[in-house]
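Coordinate-derived values only; no laboratory data. In this text the structure is predicted, and so the values were computed from the model without any measurement. Positions of Cβ are generated from backbone atoms using ideal geometry, with glycine treated the same way; all protein chains shown enter the neighbour counts.
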Amino acid sequence: MIYIFMGLLAFLLFAAYDINSVTSKKNSIKSFFFLGSFLLIVATSGIIIESFHGIQWDLGWMSIFGICSLIFLILLIYTLFFALPFNETYVKSNATPKVYQDGFYALCRHPGVLWFIGFYLFLWLTLKIPLLLLAGIIFSGFNVMYVIFQDHWTFPRVFEDYDEYKKMTPFIIPNFKSIKRCLQTLQ
């Protein structure tokens, strides 16, 4: 259960990072997002390592589900760290930043949630570790709560055009119009 606790702590660090990005902007807290990400990696890896001896190896289905899990992980990493234009997102300017609305961010406002849930679902289907299923459900639930917090508190304060973005882009579940816009703007 230490791994579940580590995952929950990760989401507390994410929330602290967001609060800091709007309020005090202390440099010491700016690393909390990466620290939280590291905790999730350690928690997930720890569950797998501790349960490794009990895995029932069926390479046929495991290969298919494992590839799906890897695809969702790649989508998650790409969406969080590479889909956004670097200069506009990470290089400071005096202007209030604007929302990036193309590619996966045209699909829905929080596409990382879809990839996160898909990653844990297919990882569990690959390995069939009961604690991994529990962790995936709990971590995904906290991830949804985290993006609700971002959607209602953080992003409206950070991005000057977030309210307009909310009107034209679905929250988590894409619709036909957003899928079309996503496909048209993917680079």
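Note on the chain: GNM, Cα springs under 10 Å; of GLN56, GLN101, GLN150, the largest mean-square fluctuation is that of GLN56. Under 18 Å from a point placed 7 Å out from the Cα of LYS128 along the Cα-to-Cβ direction: which residues of the stretch 47-74 have their backbone N that close? Under cut-off, by backbone N: 48-69. For the stretch 54-71, backbone phi angles converted through the Karplus equation (6.51, -1.76, 1.60; θ = phi - 60°) give residue-by-residue couplings of x, 6, 8, 7, 10, 4, x, 5, 4, 5, 5, 5, x, 5, 4, 4, 5, 4 Hz, Gly and Pro being listed as x.
My understanding is that a pair violates if its Cα-Cα distance is over 27 Å; which of LYS98/LYS180; LYS128/LYS166; LYS25/LYS98 do that in this structure? Could you put the intermediate results ahead of the total?
Values: LYS98/LYS180 22 Å; LYS128/LYS166 37 Å; LYS25/LYS98 19 Å.
LYS128/LYS166, as the Cα separations exceed 27 Å there.
Ellipticity at 222 nm from helices only: DSSP H runs of n ≥ 4 in the chain, each -39500 (n - 2.57), divided by the residue count, give -21500 deg cm²/dmol.
Ordering ALA16, GLN150, MET168 by the projection of their Cα atoms onto the charge dipole of the stretch 2-185, which places +1 on the Cβ of Lys and Arg and -1 on the Cβ of Asp and Glu, puts MET168 at the extreme positive end. Helix 2-22 and the longest principal axis of the C-alpha atoms of the chain enclose an angle of approximately 10°.
Just to confirm the number: angle between the C-alpha axis of helix 176-185 and the first principal axis of the chain, 0 to 90 degrees, nearest 10? Once rounded, one gets 80 degrees. Our estimate of slack between VAL144 and LEU80, defined as 0.36 nm per intervening residue step minus the Cα-Cα distance, is 21.5 nm.
Report the charge-dipole magnitude of the chain in Debye, nearest 20, computed about the Cα centre from +1 at each Lys and Arg Cβ and -1 at each Asp and Glu Cβ.
Using Cβ point charges on Lys, Arg, Asp and Glu, the chain gives about 300 debye.
Relative contact order of the chain, taken over Cα pairs closer than 8 Å and 6 or more residues apart, is 29 percent. Projecting the Cα atoms of ILE55, LEU39, PHE122 onto the dipole axis of the chain, where Lys and Arg carry +1 and Asp and Glu carry -1 at the beta carbon, places LEU39 farthest toward the positive end. For the pair TRP61 and LYS98, the difference between a 0.36 nm per residue extended length and the Cα-Cα distance amounts to 9.0 nm.
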